[in-house]
Structure formats: structure tokens, C-alpha cells
Amino acid sequence: TVEVTSKVGEGTMVRLKLPLTLAVIETLIVESNERQFAIPLDAIKETVQTTKSSIKTLKGREAMEIRGEILGITPLAELLNLEDVVKGENQELDEVKEETEDEKVSIVVLEVNGQEVGLSVDHLYSQQEIVIKPLEEYLANIPGLKGSTIMGDGQIVLILEHNELMEMATS
């Protein structure tokens with residue numbers, strides 16, 4: 001709502017009233033299994049570009065060394081159970097595509113309450129300020145989701161809940 005009040009000789013006041021359900025946050029747009037997601041910037045410590053060969057398996061989990069520290073890595077697609085959805089649609093492409101050791105991997109390092117975890121994603125896009133729209137009731141209880149937004153091109157992008165992602169990745 002927009003309210004405009006004016007008094008001769010005193011000036012004009014313009015007041016914008018926004019619903020509490022609308023909030024603007026800074027995010028990083030990422031892609032995983034051909035789907036885009038927004039991760040709030042306040043939970044991102046850094047992003048790292050690396051190769052498949054630098055990611056090792058320790059105790060059955062992926063990890064890599066960053067500045068002398070071991071960082072656990074979890075594919076975002078695995079956390080959100082996206083792997084089977086896209087592979088089923090593009091099975092022929094998956095058979096042709098061969099992974100190489102120098103294939104680039106993008107890692108988003110989340111830091112929540114002093115804990116760190118790396119989320120591997122297919123692509124990093126840009127930082128964007130977005131408006132959070134609440135999820136419909138049937139989506140509101142899905143772990144890892146905070147809300148959604150509509151991008152400039154009309155695409156709907158889900159906003160990820162970093163606290164829940166951290167809990168899912170470390171459990």
C-alpha cells in the first residue's frame with residue numbers, strides 16, 4: 001500500500017506498507033541437477049572452485065582439504081533427493097557423459113554456529129537480492145526449504161534454509 005499525505009508549507013510524506021511475509025535477502029544463486037536454488041549469503045563463508053581429483057573419500061564421505069583444514073563435502077542434489085529425478089529424464093545423456101578427474105566442481109562453504117560444510121553444486125551464478133515468498137502449505141514441511149522467489153525471467157527458484165541443510169549434511 002502507498003499512502004501520500006501532504007501539508008501546505010510543511011512537505012509531503014510517502015509511506016510504503018509491505019506485508020510482513022515479504023522480506024528481501026541477499027542470496028547466491030546456484031544450480032544443481034539442472035535446477036536453480038538460492039542460498040542466503042549470511043550463511044556462506046566462501047565459494048571454492050576445485051577439481052574432482054581434489055575431493056577424497058574419508059570414512060565413506062566426501063571431503064577435501066582447504067587451507068590445512070578438512071572440510072566435509074555433500075552434493076546438494078543428494079541432500080535434496082534430486083539425483084533420481086533428473087537422471088531418469090536424461091538417462092541417455094548420463095550414459096554418454098564421462099566424468100574426468102580434472103572436471104571442475106563448485107563448492108559452497110556454509111558456516112552455521114561455527115560448523116562448516118561444503119555443498120557441491122553444478123554451477124555458481126550471481127549474488128542477487130530477492131524477495132522471499134512463503135511456501136504453500138504442502139511444501140512448507142519439506143526439510144531444507146525456506147521459501148521461494150520469482151526471478152526476472154519468470155522462473156521460480158526455491159530458497160534453501162541453511163540451518164536445516166547443515167543439520168542434514170552433518171547427520
* To do: Go ahead and set up a Gaussian network model of the chain, Cα springs under 10 Å, then flag whichever of Ser148, Ser54, Ser106 fluctuates most.
  => Ser54
* **Average accessible surface area per residue within the chain, 1.4 Å rolling probe, Å²** => 66 Å²
* **Charge dipole magnitude, Cβ of K and R +1, D and E -1 - the chain, Cα centre, debye nearest 20** => 780 debye
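I need to check one value: relative contact order of the chain, counting alpha carbon pairs closer than 8 Å and at least 6 residues apart, in percent.
Values: 293 pairs, mean separation 46.5, N = 171.
Dividing the mean separation by the residue count of the chain yields 27 percent.
Under a 1.4 angstrom probe, counting protein chains only, how are Lys52, Lys59 ranked by accessible area, largest first?
Values: Lys52 70, Lys59 205 Å².
Largest to smallest exposure gives the sequence Lys59, Lys52.
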* **Separation of the Thr47 and Ile150 label points, Cα + 7 Å toward Cβ, nm** => 2.6 nm
* Structure fact -> Projected onto the charge dipole of segment 1-51 (unit charges on the beta-carbon of Lys, Arg, Asp and Glu, signs +1, +1, -1, -1), the Cα from Asn33, Leu18, Ile44 with the largest positive-side position is that of Leu18
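Between Glu78 and Glu103, what length in nm is gained on full extension when 0.36 nm per residue of separation is reduced by their alpha carbon distance? Let's see the in-between values first.
Values: separation 25, 0.36 × 25 = 9.00 nm, distance 1.88 nm.
Value of the extension gain: 7.1 nm.
The values are calculated or read from the model by the stated rules, or taken from the named source; none is laboratory data. Since the model is a prediction, treat every value here as computed from it, not as a measurement. Counting neighbours? That spans all protein chains shown, and the Cβs are built from the backbone with ideal geometry, glycine included. What goes into the accessible areas is simple: the full protein's heavy atoms, side chains included, and nothing from ligands, DNA or RNA. Shrake-Rupley method; radii C 1.70, N 1.55, O 1.52, S 1.80 Å.
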